Amino acid sequence: ANEENPQIRRLSEWDESELAALAEEYGTPLYVIDRDRVRENCARLLDAFPDEEVRYAVKAHTGRAVLETVRDVGLAAECASAGEVERALAAGYEGAEIQYTAVNPPARDLDHVVDRWRENPEMTITVGAADTVERLRERGFDGRLCIRANPGVGAGHHEKVRTGGNAKFGVPYDDVVELAESVAGEFDFVGLHAHAGSGISGDDLSNHRELVRRMGDLAREVASTVGPLEFVDVGGGFGVPYREDEPPLDLQAVADATREALGEVSGTLAVEPGRYVVADAGVLLTRVNSVKEAPDATVVGVDAGMTTLLRPAMYDAYHEIRNLSTSENDEAISATVAGPICESADVLCENRSLASPRRGHLLAIGNAGAYGYEMASTYNSRPRPAEVALADGTARLVRRRETLTDLTTLEQ
Ligand code: LLP
């Protein structure tokens, strides 16, 4: 870490008057994404993995402004759907930089991606089931193929984000060699892939190490029968500190541990972080609608909620929240910040110390850049928020706010 490119950007380091001006101009709820910070996060990844391939897991934030920035600094793109492949291509990615990871792919996705592959024959398709190979064959695909293994180990900040070990993902570990042998002649078999889950943390790298170790063993075994691989992709999951007192991930230590656990393999090590690239580059701004003293809590009602930022409702995720309209010296109260959705899960935090919130105050929610807008919905017929991108000291509206009219445009 160095001063120009520190490992974490805390919510308190954002320019509060700039955020307040943006909320004034574009209204709330409002997502703000800082492209300069995205660039710094990518640079740190490239520093830690200089001889490896770093692929951005597009799902964390698919906005064009982000994709263009990430491509510009040289990260490849890992896409989970035909839609993400489309977005990557639209942002200027070339086939050779695109990895499509098919998880139980719908027929329409395969049709579309194979069509795109015909125009971009360097694109790689990763299969997580033997019958996906059959389905690709039926569509005439014979290009670059990668096999996703289920390494049997999972990791993650929550049960709901553990993918390794979960039977839905990947080819069972013991079946990979046989599948590799059966596809090697027919396709351009390029590599192996695995992803344990989200949230590798500094104090516990044991799961990550174990996954990488198993992938190293598998890569050596596969290579001994089908020949050298181009890459071994060990997935993403690099954690970011969501709580104020959490230390940042020591990326260099993670990189060293990864290389060491993999051992000698034919082919390049690849990693595919999503959250790490965008989490602390994003803030969600929301305005207080109502403050109510209830018997067990002071309920601060805001205009963002589970349809704007789903993570607290879905994973009990912690996001830092600050009141930008008061000074830190103002008396803090214990607040429950809740959204406008008719669900009891629509709570952004409970019993959190917050500087005297009043109606009309502006709150900022930190680490909203990853899986924020991406997981937004229009439940309760709430239009999705707008998004502003910052770069080189200028702000630009990159996604307009949805309107009530937008909500019904698909109906006929
Ligand atoms: N590669 C694959 C195959 C993945 O499935 C994922 C995430 C990643 C890479 C990137 O993981 P990351 O570096 O972002 O942790 N919505 C959840 C996270 C779900 C992640 C799903 N897969 C959350 O908000 O915590």
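The values are calculated or read from the model by the stated rules, or taken from the named source; none is laboratory data. Remember, predicted model here, so these are calculated numbers, not experimental data. In this analysis, Cβ positions are derived from the backbone assuming ideal geometry, glycine residues included, and neighbour counts consider all displayed protein chains.
Answer with yes or no whether Ala313 is among the hydrophobic types (A, V, I, L, M, F, W, C), within 16 Å of the ligand (Cβ to nearest atom) and either farther than 16 Å from Pro29 by Cα or surrounded by fewer than 19 Cβ atoms within 10 Å (Cβ to Cβ) (or both).
When the stated conditions are applied, Ala313 passes them.
Identify, please: which residue in the stretch 264-273 is at pLDDT 95 or above, assigned to a loop (DSSP other than H, G, I, E, B) and over 15 Å from Pro151 (Cβ atoms) and is, among those, nearest to the ligand (Cβ to nearest atom)?
Within the stretch 264-273, the match that is nearest to the ligand (Cβ to nearest atom) is Pro273.
Would you check if there is a residue in the stretch 348-369 being of a type in the set (Asp, Glu), over 29 Å from Phe238 (Cα atoms), more than 16 Å from the ligand (Cβ to nearest atom) and surrounded by fewer than 23 Cβ atoms within 10 Å (Cβ to Cβ)?
No, the stretch 348-369 contains no residue that is of a type in the set (Asp, Glu), over 29 Å from Phe238 (Cα atoms), more than 16 Å from the ligand (Cβ to nearest atom) and surrounded by fewer than 23 Cβ atoms within 10 Å (Cβ to Cβ).
Determine whether Ala167 is surrounded by fewer than 20 Cβ atoms within 10 Å (Cβ to Cβ) and in the same structural domain as His208 (by TED's automatic domain parsing).
Against the criterion (surrounded by fewer than 20 Cβ atoms within 10 Å (Cβ to Cβ) and in the same structural domain as His208 (by TED's automatic domain parsing)), Ala167 qualifies.
Quickly run through the stretch 150-208 and pick out the residues that are within 11 Å of the ligand (Cβ to nearest atom) and part of a helix (DSSP H, G or I).
Lys160, Val161
Just one of (1) away from the ligand (no atom under 16 Å from the Cβ); (2) closer than 30 Å to Asp188 by Cα trips up Glu244, so point out which.
That leaves (2) as the condition not met.
Tell me which residues, restricted to the stretch 332-347, are surrounded by fewer than 22 Cβ atoms within 10 Å (Cβ to Cβ), of a type outside the set (Gly, Ala, Ser) and not in a loop (DSSP other than H, G, I, E, B).
Answer for the stretch 332-347, where residues must be surrounded by fewer than 22 Cβ atoms within 10 Å (Cβ to Cβ), of a type outside the set (Gly, Ala, Ser) and not in a loop (DSSP other than H, G, I, E, B): Ile333, Thr336, Val347.
Criterion first (crowded, with 23+ Cβ neighbours inside 10 Å and assigned to a loop (DSSP other than H, G, I, E, B)) does Asn329 satisfy it?
no
I'd like to verify a number: residues in the stretch 59-81 that are within 17 Å of the chain's Cα centre (by Cα) and in a helix (DSSP H, G or I), how many?
Residues meeting the conditions: 10.
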